[in-house]
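Computed from the coordinates by the stated procedures, all read-outs in this text should not be read as laboratory data. Predicted model only: the values in this text are computed from it and were never measured. All Cβ positions, glycine included, derive from the backbone under ideal geometry; neighbour counts span all protein chains shown.
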Amino acid sequence: MAKLSAEQIAEKLKALPGWEYKNNAISKMFKFKEFMGGIDFVHKVAEMAEAADHHPDIAINYTRVTFSCSTHDAGGVTDKDIKLADNIEIAFKDRDA
């Protein structure tokens with residue numbers, strides 16, 4: 001899959017509020033009321049990522065979870081990362097449904 005240009009990434013991130021492009025990846029921090037809320041969400045994203053065979057880097061800091069997406073074999077952000085970020089957003093919005 002082809003690496004996206006900075007301009008393409010900026011355009012695609014317009015549909016993903018809160019996501020930012022830095023250090024050759026797109027990332028966003030999500031906040032939860034409790035530690036286990038974040039852990040449950042990480043588990044949900046991990047299952048989704050495994051099914052897609054595309055895995056984000058994940059940092060857990062108590063009630064804050066940061067996802068960072070980059071396609072390492074392409075050397076940067078691809079459409080796979082944009083799709084994963086979109087799916088993370090959908091999962092976050094649906095977590096209480």
(message) Quick check on the chain: helices-only [θ] at 222 nm, where DSSP H runs of length 4 and up contribute -39,500 (n - 2.57) each and the sum goes over total residues. Nearest 500, please.
(response) -14000 deg cm²/dmol
(request) Pull up all non-local amide H partners of residue 76: gap of 5 or more, or a different chain, and H-to-H distance under 5 Å with H placed in the peptide plane. (result) 71
(request) Report ³J(HN,Hα) in whole Hz for each residue of the range 11-27, in order, from the Karplus equation J = 6.51 cos²θ - 1.76 cosθ + 1.60 where θ = phi - 60°; Gly and Pro get x. (result) 5, 5, 6, 4, 8, 10, x, x, 7, 9, 9, 7, 6, 6, 8, 10, 8
(request) Using the structure shown, list the pairs from 33/80; 44/80; 3/31; 14/80 with a Cα-Cα distance above 21 Å, or answer none. (result) 33/80; 3/31
(request) Give the label of the value calculated from the structure for percent of Cα pairs over 21 Å apart, choosing from [x] 29; [y] 40; [z] 34. (result) [x]
(request) Rank-order 42-53, 78-89 by packing density, defined as the average count of other C-beta atoms within 10 Å over each peptide's residues, highest first. (result) 78-89, 42-53
(request) Mind jotting down the distance between the C-alpha centroids of the range 39-86 and the range 6-22, whole Å? (result) 15 Å
(request) Starting from the Cα of residue 31, step 7 Å along the direction of its Cβ; do the same at residue 58; then give the gap between the two resulting points in nm. (result) 2.1 nm
